[in-house]
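Read through the structure below, which is laid out as structure tokens, and then see the notes.
A short reminder: the numbers here are calculations on the coordinates, not readings from a lab. Given the structure is predicted, the values throughout are model-derived calculations rather than measurements. Heads up, the Cβs are rebuilt from the backbone with ideal geometry, glycines too, and the neighbour counts pull from every protein chain shown.
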Number of protein chains: 2
Amino acid sequence: MIATALDGFVIDLDGTVFRGDCIIDGAPEAIAALRQAGKRFVFLSNRGNISRTMCQERLSRYGIEASEEEILLSSTVTARYLRDREPDCQVWTLGDAGLREELASFGIAHADRPEDADWLVITLHETLTYRDLNAAFRAVRHGARIIATNEDRTFPGADGDQIDVAGMIGAITASTGAKVEVVVGKPSAYMAEAALSALELPAERCLVIGDSVESDIGLGKRAGMKTALVLSGSTVQSSDGLWPARPDWVWPSIAELIRLVGNKGEGTDE
Amino acid sequence: MIATALDGFVIDLDGTVFRGDCIIDGAPEAIAALRQAGKRFVFLSNRGNISRTMCQERLSRYGIEASEEEILLSSTVTARYLRDREPDCQVWTLGDAGLREELASFGIAHADRPEDADWLVITLHETLTYRDLNAAFRAVRHGARIIATNEDRTFPGADGDQIDVAGMIGAITASTGAKVEVVVGKPSAYMAEAALSALELPAERCLVIGDSVESDIGLGKRAGMKTALVLSGSTVQSSDGLWPARPDWVWPSIAELIRLVGNKGEGTDE
């Protein structure tokens with residue numbers, strides 16, 4: 001495979017571009033190299049508790065300028081899912097403000113009371129209280145169906161792993177007996193379709209770059225994209241092909257992208 | 001069966017003695033009748049987020065005086081379980097302050113950091129925040145085993161059903177993949193044994209009175225006690241023997257107890 005065959009890049013954020021509060025060495029330069037080479041790219045993240053605007057601001061602080069169209073979060077894709085399939089629905093949310101911002105930007109109506117909601121949208125809620133849990137519980141007890149932006153169990157925090165969306169989901173499903181009907185986040189087809197649709201390229205001309213074998217490499221494999229696993233995040237060791245989905249490349253970090261797009265055709269081939 | 005054969009009474013609280021913020025009509029008189037007749041009794045409740053002292057104060061406000069020995073909460077029985085089986089353990093808690101008070105009264109050590117805990121004790125946590133959830137998550141990720149005071153899904157609040165301990169448990173088990181090792185609350189044998197040990201009577205001379213077919217009647221049946229279901233709480237209709245555990249009596253409320261102990265031998269026989 002040669003690098004010139006790759007025109008679209010699907011780039012994970014946490015563990016790939018930044019890690020905790022730090023930018024990963026070479027990430028801004030790698031993104032700049034893509035721009036310079038005229039490549040299309042989209043950031044594709046399972047973060048569901050922030051909006052694209054919040055994400056833009058964060059990337060900008062790291063010296064990476066991205067348009068709104070170049071960012072797809074699981075909150076974005078969840079909002080689009082509801083707008084396309086349930087345009088008249090009312091939602092209740094269990095999650096941080098970024099989710100509500102993203103839903104509102106797609107014109108999704110927020111119910112006045114949990115009892116009135118058609119859907120409960122769950123994402124990470126770092127400011128959760130018992131009151132929030134109880135309102136979400138009531139929405140489901142009164143018939144709201146459950147959609148989750150993602151179902152990650154943990155995410156790396158400043159002082160170690162933290163409880164993620166799976167905890168919020170578990171609280172509601174265990175107390176109500178209800179099931180989650182839709183999980184939007186990677187490695188789902190919803191996220192892959194959203195990325196390919198944004199890039200307007202066939203899957204085989206696209207490369208997924210991410211730190212999660214399950215979410216990123218899994219999504220790329222299923223969608224027919226090329227895949228590069230970076231060891232700068234949650235996956236830290238090469239395991240000689242023992243991963244369930246074997247990536248096309250394994251890189252120390254996204255900085256390798258500079259070589260790939262900089263030296264056309266003589267890149268990091270397998 | 002005649003009432004004179006019954007010398008010990010195991011009495012549920014929520015839905016049996018009070019409901020929400022209201023005392024159930026005739027409950028103080030029924031307890032007074034037991035005292036007058038020289039019967040032994042113990043209040044046995046799945047509440048795990050309060051201490052016996054808190055419970056005493058509440059009963060006193062309703063005109064019911066009970067000694068500490070006449071109250072057994074799931075927090076009490078959990079504390080006793082740990083003192084008897086894991087005397088040197090350190091615990092972390094996910095629950096309201098009453099649980100910690102009860103654990104401390106049995107000399108159970110609270111860990112300084114979640115990472116140091118041998119056991120995570122989970123109960124209802126009406127002042128829960130994300131920070132609390134995350135600390136509990138960390139305790140389990142660092143090896144703490146899980147013991148729950150009970151696993152009720154809901155409890156009746158002032159303005160409708162509220163999310164109960166099952167929600168707190170679900171958050172931790174779903175995010176960590178860990179299982180709950182011990183559930184102390186009714187209908188467990190731990191609670192039945194604690195009640196019989198407090199009454200110092202054989203099971204066949206004891207009557208369980210409660211509003212839950214599963215928790216109260218189930219506990220009584222398994223332990224060999226007589227059972228009376230009251231329709232003043234979560235169970236509101238007689239179902240003509242369709243319950244999984246058929247109670248010996250079905251009463252509108254605990255007020256029936258006055259007839260049973262007042263008219264020895266001519267009471268509410270089946």
Principal axis dimensions, largest first and in whole angstrom, of the range B:113-239 by Cα: 46, 36, 21
Per-residue average of other protein chain Cβ atoms inside 10 Å, peptide B:186-195 -> 0
Contact order normalised by length for the range A:75-183, with contacts defined as Cα pairs under 8 Å and 6 or more residues apart; what percent is it? 24
Any idea what the alpha-carbon Rg over 2.2 N^0.38 Å comes to for the range A:1-144? 1.22
So how far, in whole Å, is the C-alpha centre of the range B:194-221 from the one of the range B:63-135? 24
Sort largest first and round to whole Å: the equivalent ellipsoid semi-axes of the range B:76-183, each the square root of five times a Cα gyration tensor eigenvalue. 21, 16, 12
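How much mean residue ellipticity at 222 nm does chain B get from its helices, if each DSSP H run of length 4 or more adds -39500 (n - 2.57) and you divide by all residues, to the nearest 500 deg cm²/dmol? If you can, show how the numbers build up before the last one.
On the way: 9 runs with 89 residues, N = 270.
It comes out at -9500 deg cm²/dmol, rounded to the nearest 500.
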Kindly give the distances from residue A:156 to its copy-mates, label point to label point, with each label point 7 Å from Cα along Cα→Cβ, as nm values to one decimal ordered shortest first. 5.1
To two decimal places, what compactness ratio does chain B give when its Cα radius of gyration is scaled by 2.2 N^0.38 Å? 1.01
What ranking, highest mean first, results for peptides A:140-147, A:209-216, A:82-89 when packing means the other Cβ atoms within 10 Å averaged over each residue? A:209-216, A:140-147, A:82-89
By per-residue mean of other Cβ atoms within 10 Å, what is the highest-first order of A:247-255, A:7-15? A:7-15, A:247-255
0 to 90° range, to nearest 10: angle between helix A:52-61 axis and chain A longest Cα axis: 40
Sequence-separation-based contact order of chain B, relative, with Cα cut under 8 Å and 6+ spacing, percent: 23
So how tilted is helix A:27-36 from the main axis of chain A? Cα-based, degrees 0 to 90, rounded to 10. 70
Going by average Cβ neighbours within 10 Å, how do the peptides A:63-73, B:42-52 rank, with the highest at the top? B:42-52, A:63-73
Debye equation applied to the C-alpha atoms of the protein assembly as shown, log10 I(q)/I(0) at 0.06, 0.08, 0.10 Å⁻¹: -0.39, -0.62, -0.84
Could you tell me the extents of the range B:1-47's C-alpha atoms along the three principal axes, largest first, rounded to whole Å? 33, 21, 18
Shielding of A:122-129 by partner chains, average beta-carbon count, 10 Å: 3
